[in-house]
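For reference, the structure is listed below as structure tokens.
The values are calculated or read from the model by the stated rules, or taken from the named source; none is laboratory data. Remember, predicted model here, so these are calculated numbers, not experimental data. Positions of Cβ are backbone-derived with ideal geometry, glycine not excepted, and every protein chain shown enters the neighbour counts.
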Protein chains: 2
Amino acid sequence: MQSIRDRIDRRVLTPGSRLPSVRAMAEAIGFSKSTVVEAYDRLAADGVIRSRPGAGFYVSAPLAPLSLDRIGAPAEREVDPLWMLRQSLMGPSEALKPGCGWLPDDWLAGGPIRKALRAVARSDADGPLTQYASLLGSPPLRALLARRLDDQGVGAAPDQILLTESSTHALDLVSRFLLEPGDTVLVDDPCYFNFLALLRAHRANVVGIPMTPTGPDTTAFAAALAEHRPRFYLTNSASHNPTGATLSAATAHRLLKLAELHDLVIVEDDVFADFEDTPAPRLAAFDGLDRVIRIGSFSKSVTAAIRCGHIAARPDWIEALADLRIATSMSGNPLSAEVLHTVLTDGGYRRHIEGVRTRLARARARTIERLRKIGITPWIEPAAGLFIWARLPDGLDAAKLARAALADDIVLAPGNVFSTNGMWSDYLRFNVTMSDDDRVSAFLARACG
Amino acid sequence: MQSIRDRIDRRVLTPGSRLPSVRAMAEAIGFSKSTVVEAYDRLAADGVIRSRPGAGFYVSAPLAPLSLDRIGAPAEREVDPLWMLRQSLMGPSEALKPGCGWLPDDWLAGGPIRKALRAVARSDADGPLTQYASLLGSPPLRALLARRLDDQGVGAAPDQILLTESSTHALDLVSRFLLEPGDTVLVDDPCYFNFLALLRAHRANVVGIPMTPTGPDTTAFAAALAEHRPRFYLTNSASHNPTGATLSAATAHRLLKLAELHDLVIVEDDVFADFEDTPAPRLAAFDGLDRVIRIGSFSKSVTAAIRCGHIAARPDWIEALADLRIATSMSGNPLSAEVLHTVLTDGGYRRHIEGVRTRLARARARTIERLRKIGITPWIEPAAGLFIWARLPDGLDAAKLARAALADDIVLAPGNVFSTNGMWSDYLRFNVTMSDDDRVSAFLARACG
């Protein structure tokens, strides 16, 4: 009981998260199953956890306040997806962040954004500067997104597009629309760690499908569909986060056939679309937005400071998602939409993004070279994108390494936070725009030496 | 069964909403309870609804798509909170909206916002224009909010403040933190209709406390605490939406004593703070952010196009809310925070808001005069704010009137959408900035004549 209480107090188990099954807990702590059952029952009687019939035990949302001094400093928290997110967002400004998921300041579209802000400041009417957004969000931006989707082979009318604050917010709305607590969601293993934090907030049962260089393992995918009857499969396309894998047409075709057979919805996050030189297959394009919901944003390619994501889906689903959106956050941000639309329609954007792609290719090559020299082995050499997924020399644990790196003001992304079951513990994800750096190489060489 | 299916198809019953109890449904449709039980069981077997032990039946989140042609045009939807929100956000641009909850374009801070956009465009560093927000959001804006809270008698350190997209988003995070499906929340009756839509999205059991001109009825409040053991009480301060009531110090004191006795959390939405001439008592100030969570935004007084709300609460709760925020929407919007901070620290803001208050007082007086002439009676004459809550002549139904008004391109806010149990059906909420208008008066005079 005390051990579970401690984990809740230290927020290793967060409000709403599911406790391990009685059997798993008994194995983990070396007590009998009946002892664990008794502990769970007593904690439930105390209101610390709650039982959900057929779905196990969950940590209660606390009315009793969490005690900050027992939570400890951020560095003492478990190395989990929220630890990773906090390190990425909070680290000191002089910290190096090869573990973070975005471009450095000077790679992003600062110039075009300044120009757009001046243009918006000159606009005639006050309405766009002062009023709530329309129901689905800025019509010109949605029209532009529809044209861009069409370029990818995804046919979507502008009223099949709902603007959101971000792609994370888009996924949150979709999860609210599709999930009930205890429902199963399939993800890639490894996958973007915030998918795991978000799905945990929805109390989903998350099942990972092993990733291959051409997409998820379709045999494991078929088995998981049969066993778990999942509500949706969540993946990201273009350049997979964190592996850099590229979905092949054959895998896409097989996934969609399986999805149809089991009436599975697929949520495809396309946030890295603009980093591709050659477009990879898209599930949304193959499927035609029948059972695929496509989400995206420009946080990676334009700016993360102006939040604006979107969902493209069947019109009837967009209708329901719009209701959820106004109920839970009222309205979008017309200023963000206006600035983003101005940046994207400015001739400078194409040059900006072509420059980013060229620089990314060079940075990928240099990062791979540096890693190999240290004895850290890339899983593949990705065709596009921001990330290298790479294995440490035998016997090294990435979470321990990431914790040690904080002392050198280096934020690393250890493999376990990308995994549903703590696999990939000897892998790290490297952001190539922040890894071609002597301080980073020196730390890694020492750690691996 | 067909009747319930129809209600789900037409989205009168939305995904996740609770079905009426067997007894209430039996009475409503005139069948026996056993027939209703059988219908519910069959719908559950079909997966259309789901049973939650001890908490009744809920509409399943649909995998089967909703059919748009059966939903019908927006005007044919039930007159409920989401109807109201859609009408407010969607109506044609030439529509008059005495039912909406915001100031007209030219009352808001268009000028100061243009100036702020130009200032931000000139800033030295690219980071604020391109990077994710820090964990809690812009430090200068949080410091400014802490000073403003201090002016209201609410002591809050900047790290007790979390920036959000809006006050609705703030309430959504708080609800995620505190609520489990089936938990009870107390609200004022009437209350801001979006509270009801949001709490329904959280599957809360919402109990209304009758409103009086000095705050909620404390006898009913005490009885509801004893009967329902609610998770929190949600109210809005300064100038109550929709009634314009002002909380008295005596009522505030009694509410907090009761809250302490029952270990109740209070969520106080202070979004109309800047419209007051003389500050009314604040629960957050009396309590000192011990059990009160204060949320707010500048959507009403500065702009709704630049989304930025905030939560002030105990440090340990802010810590947990920040985790929820990054898991479900990753990061705030630094551009919004920067523009808002610039507007609020510009000398022009004080003049702007003083001008708004003067115009509001005049518009309130003129609206009351117009309404009385037509035979529509204000519940009270509010001391501040945007709204007049007023009763139609005997025998008139506000929801019917609101539906008819759409044909004249007039969006009205009927009383039933503000109520937990459809009470106040002969009341309308008038936004005084859009009600002093001959077309509105002519429609109302015809309807009431």
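Laid out as a table, the results:
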| item | result |
| --- | --- |
| Any pair with Cβ under 8 angstrom, 6 or more apart, that starts in region A:391-409 at a residue that is touching a residue at least 12 places away in the same chain (Cβ under 8 Å) and ends at one that is assigned to a helix (DSSP H, G or I) and among the aromatic types (F, W, Y) | A:A405/A:F443; A:D408/A:F443 |
| Qualifying residue in region B:286-299 (condition: within 14 Å of another protein chain (Cβ to nearest Cβ), out of contact with any strand residue (DSSP E or B) (no Cβ under 6 Å at 6 or more places or on another chain) and among the polar types (S, T, N, Q)) | yes |
| Residue check, B:A337 of a type in the set (A, V, I, L, M) and more than 30 Å from A:F177 (Cβ to Cβ) | no |
| Region A:124-145, residues that are touching a residue at least 40 places away in the same chain (Cβ under 8 Å) and more than 7 Å from every other protein chain (Cβ to nearest Cβ) | A:A133, A:L136, A:G137, A:S138, A:P140, A:L141, A:R142, A:L144, A:L145 |
| Filter result for A:G422 (part of a loop (DSSP other than H, G, I, E, B) and in the same structural domain as A:N236 (by TED's automatic domain parsing)) | no |
| Boolean, A:R307 is within 22 Å of B:S336 (Cβ to Cβ) and either within 14 Å of chain B (Cβ to nearest Cβ) or of a type outside the set (D, E) (or both) | yes |
| In region A:89-102, residue modelled with the lowest pLDDT [restricted to those that are within 8 Å of chain B (Cβ to nearest Cβ) and crowded, with 17+ Cβ neighbours inside 10 Å] | A:L89 |
| So B:A327, is it over 21 Å from the mean Cα position of the chain (by Cα), facing chain A (nearest Cβ under 10 Å) and in contact (Cβ under 8 Å) with a residue 12 or more places away in the chain | no |
| Qualifying residues in region B:175-194 (those that are assigned to a loop (DSSP other than H, G, I, E, B) and within 13 Å of chain A (Cβ to nearest Cβ)) - the one nearest to B:G296 (Cα to Cα) | B:Y192 |
| Checking A:A404 against (1) assigned by TED's automatic domain parsing to the domain that holds A:I295; (2) surrounded by fewer than 19 Cβ atoms within 10 Å (Cβ to Cβ); (3) among the hydrophobic types (A, V, I, L, M, F, W, C), the condition it does not meet | (1) |
| Residue satisfying all of: in region A:410-446; of a type in the set (S, T, Y) and under 18 Å from A:K400 (Cβ atoms); nearest to the chain's Cα centre (by Cα) among these | A:S419 |
| Output for region A:130-174, where each listed residue is out of contact with any strand residue (DSSP E or B) (no Cβ under 8 Å at 6 or more places or on another chain), small (G, A, S) and part of a helix (DSSP H, G or I) | A:A143 |
| Restricting region A:211-228 to residues that are in contact with a strand residue (DSSP E or B) (Cβ under 7 Å, 6 or more places away or on another chain) and within 27 Å of A:F177 (Cβ to Cβ), the residue that is nearest to the other protein chains (Cβ to nearest Cβ) | A:H228 |
| In region A:103-116, the residues that are under 18 Å from A:A363 (Cα atoms) and at the interface with chain B (Cβ under 7 Å from one of its Cβ atoms) | A:D105, A:D106, A:L108 |
| Matching residues, region B:6-51, being β-branched (V, I, T) and at pLDDT 80 or above | B:V22, B:T35, B:V36, B:V37 |
| Hey, B:A250 free of Cβ contacts under 8 Å to residues at least 60 places away in the same chain and of a type in the set (A, V, I, L, M, F, W, C) or not | yes |
| Hits in region A:210-255 - residues which are touching a Lys or Arg at 6+ places or on another chain (Cβ under 7 Å) and assigned to a loop (DSSP other than H, G, I, E, B) | A:S237, A:P242 |
| Selection within region B:256-277 - closer than 13 Å to B:S237 by Cα and more than 14 Å from chain A (Cβ to nearest Cβ) | B:E268, B:D270, B:F272, B:A273, B:D274, B:F275, B:E276 |
